[in-house]
Structure formats: C-alpha cells, structure tokens
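Engineer: Let me give you the structure first, and then I'll get to my questions.
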Amino acid sequence: MHVSFDEGLDADFSRGDRKCYVQQGANLVAAAVNDDVKLAPTAGRFGGGLHFTKKNNLRPAYRDTGAVGYNDRNWSRSVSVWLKLNPDLDLEPGYCDPVQIVGDDLKKGFIFLEWSKDETPRFFRYAIRPLFPIWNPDNVQWGDIPFNKRPMVQVEKAPFSRDAWTHVVFSLENVNDKSRPQIGRLHINGRLQGTIENWDLTFGWDPDKVLVVLGAAYVGHLDDLAVFDHALTDGEVRLLYGLKNGVRELR
C-alpha cells in the first residue's frame, strides 16, 4: 500500500481497499479532512502531505483487506512513514502514537509508534504487544513496566525537528510463527535503532478487523505512508530512505 497524500487521503495504490476511513462507533465511514487534519499540497516530504494541526479525534485509517496481510501463520511486513515535528514543543501532554496497527481487541495485539508522555525530551518508541497475558502477565500499567521488560525499541534522542523530515521504518518478522525467530526492527533515517527479540509474538486478531491508524494525539506533518509485503532488510531501508521522489519511484 502507498499513500502519497498528494490528492487526498485515499491510497494511491493498495492490494486491498484504497479508501481511507474513520471509526464511528462500530462502523467505518469515509474520512474527510477538516481544520484539525489538513492536506498540505506543497508542504509534504514529496509533494503534498498531511498536517495534524492539533490533538483531535480524527484518525485516518486503512483497512487491511490484503494491504497489511495479517494472518495467523506467519506475518512479516514493514511500514514506512515520514514525520516532521518537534515532539517537545508540538505534542500535547500524554502519549502520542503517529502510526498504529490495531485489530478487534487491543488485548489480542497492538503495534504502535509512540512518544512517551513524561520524559523530557520525550522518548520515541516502537512496540509490538502480542496477546495480553504474554507481555503483561501481572496486569500492570504500561508505564509501570520497566523499560527493559517491555516488547519495544526505545530511542532517547531521536532526530525529529520542525525543520527537517525524519524517516521511520518499523518491521515485523515471523509474527505468529513459533518455528522461526519472531523479530521487530526500528530504523530511523536509514539506520537500525534496535530490535524486539526473544518474545513470543503471538496475536489473536480477526483478520477482517485489522486497520492501519494514523494520528493518535499527533501534532505535526506526515507523508508518504507505505506498507511493504515483507520485512525490509537494512539495505532495502537505506535504499528507501535515499529515494529522491519517495515510494512512487518503486511503483
């Protein structure tokens, strides 16, 4: 899947549903921009982009239907996105998740990029939370679990700013396949930041309910969202980071 945000919120290309939605109760309805989430025709990393002007409840979402490829056997994917903001100046108090992959129940699995809520400067994280009893057997708050006991990669000084775009790629490898190493990787600006390893990454999602969700408490610019049908290698991430015209060069 590739969303350039040059013409609107819908995906330019998808192996599934190209439409962009928002959740209204139990239903998905067509998404539309407003004063809080705007298209920025000339302010993207490559052409147009998306601008979240303030914390709000509009969260553009894309259905899996083949684009994300979730399955209960062996699930491997990479998600690429460009972000531009100063987290310590632009974000409001509380956690912020610029990109999430969710299913029918957060206790059955939850994948997200996150800025922490209390530290200054804020930590940037990539987390893969499998079935709830796996990552949280003692049923405690996420913030109360020691950093090294969480299934995440944490970057204490990530290179985000208002003046330059930052490229983020997060990858999943062999999720739901206990016969192979199950791994998550985080790259920023073409460089590997860390891995999620030695975890049982078993999910319990209904495949028909899987969504890629943008902008949970996010304030800033976002551009060139893409989902790849495998976990990108370090070399592929560097190639992607160096493309002069973004993901459209690969299509």
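The values are calculated or read from the model by the stated rules, or taken from the named source; none is laboratory data. All figures in this text were calculated on a predicted structure; none of them were measured in a lab. All Cβ positions, glycine included, derive from the backbone under ideal geometry; neighbour counts span all protein chains shown.
Engineer: Any idea how many residues of region 9-32 are part of a loop (DSSP other than H, G, I, E, B) and either at pLDDT below 95 or surrounded by fewer than 16 Cβ atoms within 10 Å (Cβ to Cβ) (or both)? Explain how you work it out, then say what you get.
Structural biologist: At the first step, the residues of region 9-32 found to be part of a loop (DSSP other than H, G, I, E, B) are 9-12, 14-20, 25-26, 31-32.
Those still in the list that are either at pLDDT below 95 or surrounded by fewer than 16 Cβ atoms within 10 Å (Cβ to Cβ) (or both) too: 15-16, 25-26, 32.
The number of residues fulfilling the criteria is 5.
Engineer: Name the single residue, out of those in region 67-93 being small (Gly, Ala, Ser) and modelled with pLDDT of 95 or more, that is nearest to Pro130 (Cα to Cα).
Structural biologist: Looking at the filtered set, the residue picked out is Ser76.
Engineer: Among the residues of region 142-160, what is the count of those that are surrounded by 14 or more Cβ atoms within 10 Å (Cβ to Cβ) and of a type in the set (Lys, Arg)?
Structural biologist: Number satisfying all stated conditions: 1.
Engineer: In region 33-46, which residues are over 28 Å from Asp229 (Cβ atoms) and either among the basic types (Lys, Arg) or loosely packed, with under 15 Cβ neighbours inside 10 Å (or both)?
Structural biologist: Result: Asn34, Asp35, Lys38, Pro41, Thr42.
Engineer: Name the single residue, out of those in region 206-228 being over 28 Å from Pro93 (Cβ atoms) and within 15 Å of the chain's Cα centre (by Cα), that is surrounded by the fewest Cβ atoms within 10 Å (Cβ to Cβ).
Structural biologist: Taking the candidates together, the pick is Phe228.
Engineer: I want to confirm something. Restricting to region 175-205 and keeping residues that are farther than 17 Å from Ile101 by Cα and of a type in the set (Ser, Thr, Tyr), which single residue is surrounded by the most Cβ atoms within 10 Å (Cβ to Cβ)?
Structural biologist: Applying the filter and picking the extreme gives Thr195.
Engineer: Now a separate question. Tally time: how many residues in region 160-201 are more than 15 Å from Tyr126 (Cβ to Cβ) and part of a loop (DSSP other than H, G, I, E, B)?
Structural biologist: Matching residues across region 160-201 total 14.
Engineer: Still on this model: Considering (1) out of contact with any helix residue (DSSP H, G or I) (no Cβ under 6 Å at 6 or more places or on another chain); (2) over 21 Å from Gly69 (Cβ atoms), say which one Gly190 fails and leave the rest.
Structural biologist: (1)
Engineer: Just to be sure before I move on: is Val99 of a type in the set (A, V, I, L, M) and surrounded by fewer than 16 Cβ atoms within 10 Å (Cβ to Cβ) in the structure I sent?
Structural biologist: no
Engineer: Evaluate the following for Arg63: is it basic (Lys, Arg), at pLDDT 95 or above and either farther than 25 Å from Trp165 by Cα or touching a Cys at 6+ places or on another chain (Cβ under 9 Å) (or both)?
Structural biologist: Here the answer is yes, as Arg63 does meet what is asked.
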